[in-house]
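Beneath this line is the structure, given in structure tokens, with notes to follow.
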Amino acid sequence: MSEQIVVGIDVSKEHLDLSSWPEGPSQQYENSDAGIEKMIADIQPLAPELIVLEATGGYQVLAANTLQAHGLPVVVINPRHTRDFAKSTGQLAKTDKLDARGLAHFGYATKPEIRPLPDADSQRLQGLVARRLQLVEMRVAELNRQQQTTCELVREDIASHLRDLDERIDRFEQEIKSMIDNNDTWQAQIRLLRTAKGVGPVLAFSLVANLPELGTLNEKEIAKLVGVAPLNCDSGKSRGKRKTWGGRAPVRCALYLPTISAIRWNPPIREMNERLRAKGKPGMVVIVACMRKLLIVLNAMMRDQRPWQPNY
């Protein structure tokens with residue numbers, strides 16, 4: 001039986017560098033429709049077990065989608081994971097060719113799970129939700145600047161910019177709503193999520209866009225995926241506090257304010273908040289724990305396809 005081949009593709013704005021593991025030459029292609037088609041023609045005879053790309057701010061989307069459309073086993077990986085793996089093997093130098101080789105080695109050694117990439121509509125919804133969040137963050141920054149300045153001209157300019165940002169945020173929210181209204185599956189998911197006290201439209205469409213795994217994973221897996229699971233920091237006799245890190249920052253941002261609301265109006269979340277505060281837990285630790293609780297409840301609702309109930 002021949003050894004399985006794993007292909008690694010390092011993506012940049014203009015080029016795609018390809019390598020394979022355990023052996024194979026390195027090649028470079030243009031990051032364009034024509035270049036990707038030529039690359040696929042060279043990959044197909046290899047019959048790879050896996051093709052590994054990094055998430056590179058969107059430059060990987062065209063290649064990943066085209067590879068998947070041709071029925072090839074493509075997976076998109078967090079760059080931090082592959083860089084840490086390269087360092088662990090002693091590979092400290094960094095070039096496009098070495099990165100492609102490292103991606104192939106990473107895929108061969110760890111066998112990451114292949115998950116279907118989002119379809120065109122899902123990718124567009126993700127883009128709209130991401131842009132809305134960027135505009136909201138700009139608005140918060142401008143509000144802070146407006147409060148800090150004493151110059152009247154600066155205050156007037158900021159006020160004008162805030163009005164523009166409000167219009168743009170509203171335009172994106174209307175477009176998001178229009179997309180959801182035209183998709184029966186998303187409509188049903190949002191109706192179900194909004195039965196939970198504290199869950200408003202922003203959290204609901206953020207989960208639909210950025211957490212399609214909701215309802216398909218167990219509670220530990222979904223909490224770790226989002227980045228609200230406490231992880232051990234113990235070694236030898238040292239026992240550290242458990243910490244959260246990694247995960248999907250846009251989902252955590254969307255969870256924060258609804259959790260504050262749920263602490264007031266959602267009995268199980270309120271009870272957890274009161275219990276942890278009575279134990280003297282720090283405020284942010286309590287809020288993250290309540291975020292995790294709310295996420296787990298929503299995950300169970302989606303898994304069971306049942307509306308919110310107090311006993312969740």
Task: Subset of the range 258-284 that is buried (at least 18 other Cβ atoms within 10 Å of the Cβ) and β-branched (V, I, T) - its residue that is modelled with the highest pLDDT - done: T259
TODO: Those residues that are open to solvent by less than 40 Å² (accessible area, probe 1.4 Å) and in contact with a Gly (Cβ under 9 Å, 6 or more places away or on another chain), I need them from the range 94-126; list them, please.
DONE: D99, A100, G102, L103, A104, F106, G107
Open item on the list: Criterion first (buried (at least 17 other Cβ atoms within 10 Å of the Cβ) and part of a helix (DSSP H, G or I)) does L133 satisfy it?
Closed with: yes
- [ ] Name every residue in the range 21-60 that is open to solvent by 10 Å² or more (accessible area, probe 1.4 Å), part of a strand (DSSP E or B) and either small (G, A, S) or closer than 30 Å to G247 by Cα (or both), in order of residue number.
- [x] W21, E54
Task: Enumeration of residues in the range 264-308 that are in contact with a Ser or Thr (Cβ under 8 Å, 6 or more places away or on another chain) and not in a helix (DSSP H, G or I) - done: P307, W308
Open item on the list: For the condition β-branched (V, I, T) and under 23 Å from the mean Cα position of the chain (by Cα), what is the one hit in I190, I158?
Closed with: I190
- [ ] Evaluate the range 89-96: report whether one residue or more is assigned to a helix (DSSP H, G or I) and either of a type in the set (K, R) or free of Cβ contacts under 8 Å to residues at least 40 places away in the same chain (or both).
- [x] no
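Being open to solvent by 80 Å² or more (accessible area, probe 1.4 Å) and assigned to a helix (DSSP H, G or I) is true for just one of D157, D164. Which residue is that?
D157
The values are calculated or read from the model by the stated rules, or taken from the named source; none is laboratory data. These figures come from a predicted structure and were not determined experimentally. Note: ideal-geometry Cβ built from the backbone for every residue, glycine included; neighbour counts use all protein chains shown. The protein model used for the area step is the full one, side chains on, heavy atoms only, and it has no ligands, DNA or RNA in it. Shrake-Rupley method; radii C 1.70, N 1.55, O 1.52, S 1.80 Å.
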